[in-house]
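Quick notes on the structure that follows.
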Amino acid sequence: MKFGRILVTVTAALTIASASFAAETIKVGGLWDLTGVTADVGKPFADGVQDAIASINAKGGINGKKIELINVDYAYKIPQATATYKKFVESDKVVMINGWGTGDTEALKETIAKDKIPYFSASYSGHLTDPTKTPYNFFVGASYSDQIRGFLDYVKKNWKGKEAAKVAFIYPNHGFGKAPIEAGRQYAKELGINLVHEEIIPAPVQDVTSNLLSMQKKNPDYAYVQTTVAPCANLLKDAKKLGIKTIFFLGNYGMTEALPKLAGEAAEGVYGMTTNVPYGANVPGMKQILDWDKKHPTKDQRDTVYVRGWAYGLTWAEALKIADKNKQLTGEGVKKAMETMKNFETGGLVPPLTYTATDHRGTTKTTIYVIKGGKMVKVADQETPRKKEWLGL
């Protein structure tokens, strides 16, 4: 009899302890491309998010609760992303998800809204910024559309020719590649810049000689390339072989420290838009990253995309913290928390972030860098107007 009571007591205690442990854990889905066509930037991004969350957990987590980040490599395959999303929501019971690509994020956006699951995508598609259409989608930085607008503003300001500058857009035919193109078309027309050519390139990029020869016939002064760093490097090497004099600008997944390592001399003089500072930049928030890396050495080369992932982790962890303090640690609670964040600081890793219930553009500010001597060198900050008609475009 006495043994039975002890057994019941122990069982009850274990049940309570298990429930207590579960209550102290916040489940978050992590959907990454570690082996697919965008793994060149997908892996460092995932590493950055994971390390930021590990650092936060090591310091006590979210008001004493640990974040359980459930990591899945979906290899940039939309069907796999959809199946993983379903698992996260139905089986893992996550409170939110950190996702990755434009194609899968836009494919899931209606389901995300229906399920009321905050979805922080590494896609910067401007289509995800209008809460009336995508109320649970967020990203950390300026949209691809504001990046291409920043490029066009730079061209307009710095072009010295007697006739209007001629530009070309180069992009693969998928969600990520096409995301900013319509915004770029409209803004080029508004600024009086001649969009003389659009070139659709294969994904993944290997030999694009024929594509570049097609573009060269239009002789653009500038070309904006919307793809990731490895394909950009291949494109630049082909352009150098052909002797093309066009000035190339890259989107934020093309301009990284890996570019000169992959493209060599072909990267010299190439410009790019960035949504966060490079690794090692002299900003207050970099100290926590460098301190972490000293304690957790790795053979992987850290770069600006790793910093981007870290900034993501800091941002959505802050939303979890606010939601938890409000006793609303649910999808709806995290969304509301995000929409109260005003001028949220990551220590200079990204520009100050502000989200509201009517505008999910965290910032419209980008920074232009150029490759000089194999290094990323800052050129200028660009901030596009927060025009209402650009919301969701």
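Annotations
Quick grid of which residues meet (1) under 16 Å from residue 97 (Cβ atoms); (2) at pLDDT below 95; (3) of a type outside the set (Ser, Thr, Tyr); (4) touching a strand residue (DSSP E or B) at 6+ places or on another chain (Cβ under 9 Å):
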position: 30; (1), (2), (3), (4): yes, no, yes, yes
position: 42; (1), (2), (3), (4): yes, no, yes, yes
position: 56; (1), (2), (3), (4): no, no, yes, yes
position: 59; (1), (2), (3), (4): no, no, yes, no
position: 66; (1), (2), (3), (4): no, no, yes, yes
position: 69; (1), (2), (3), (4): yes, no, yes, yes
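- Residue in the stretch 311-323 that is farther than 25 Å from residue 381 by Cβ, assigned by TED's automatic domain parsing to the domain that holds residue 34, of a type outside the set (Gly, Ala, Ser) and surrounded by fewer than 24 Cβ atoms within 10 Å (Cβ to Cβ) present: yes
- Qualifying residues in the stretch 46-60 (those that are of a type in the set (A, V, I, L, M, F, W, C) and buried (at least 19 other Cβ atoms within 10 Å of the Cβ)) - the one farthest from residue 121 (Cα to Cα): 56
- For residue 37: the one exception among (1) at pLDDT 95 or above; (2) β-branched (Val, Ile, Thr); (3) part of a loop (DSSP other than H, G, I, E, B): (1)
- Condition check for residue 166: farther than 30 Å from residue 66 by Cα, more than 16 Å from the chain's Cα centre (by Cα) and either of a type in the set (Lys, Arg) or buried (at least 20 other Cβ atoms within 10 Å of the Cβ) (or both): yes
- Residues of the stretch 201-214 that turn out to be over 13 Å from residue 243 (Cα atoms) and either of a type in the set (A, V, I, L, M, F, W, C) or within 28 Å of the chain's Cα centre (by Cα) (or both), as a count: 9
- Matching entry among 152, 108 (being in the same structural domain as residue 214 (by TED's automatic domain parsing), out of contact with any Pro (no Cβ under 9 Å at 6 or more places or on another chain) and buried (at least 21 other Cβ atoms within 10 Å of the Cβ)): 152
- Exclusive hit being touching an Asp or Glu at 6+ places or on another chain (Cβ under 6 Å), assigned to a helix (DSSP H, G or I) and in contact (Cβ under 8 Å) with a residue 12 or more places away in the chain, set 230, 188, 183: 230
The values are calculated or read from the model by the stated rules, or taken from the named source; none is laboratory data. The structure displayed is predicted, hence computed values, not measured ones. Heads up, the Cβs are rebuilt from the backbone with ideal geometry, glycines too, and the neighbour counts pull from every protein chain shown.
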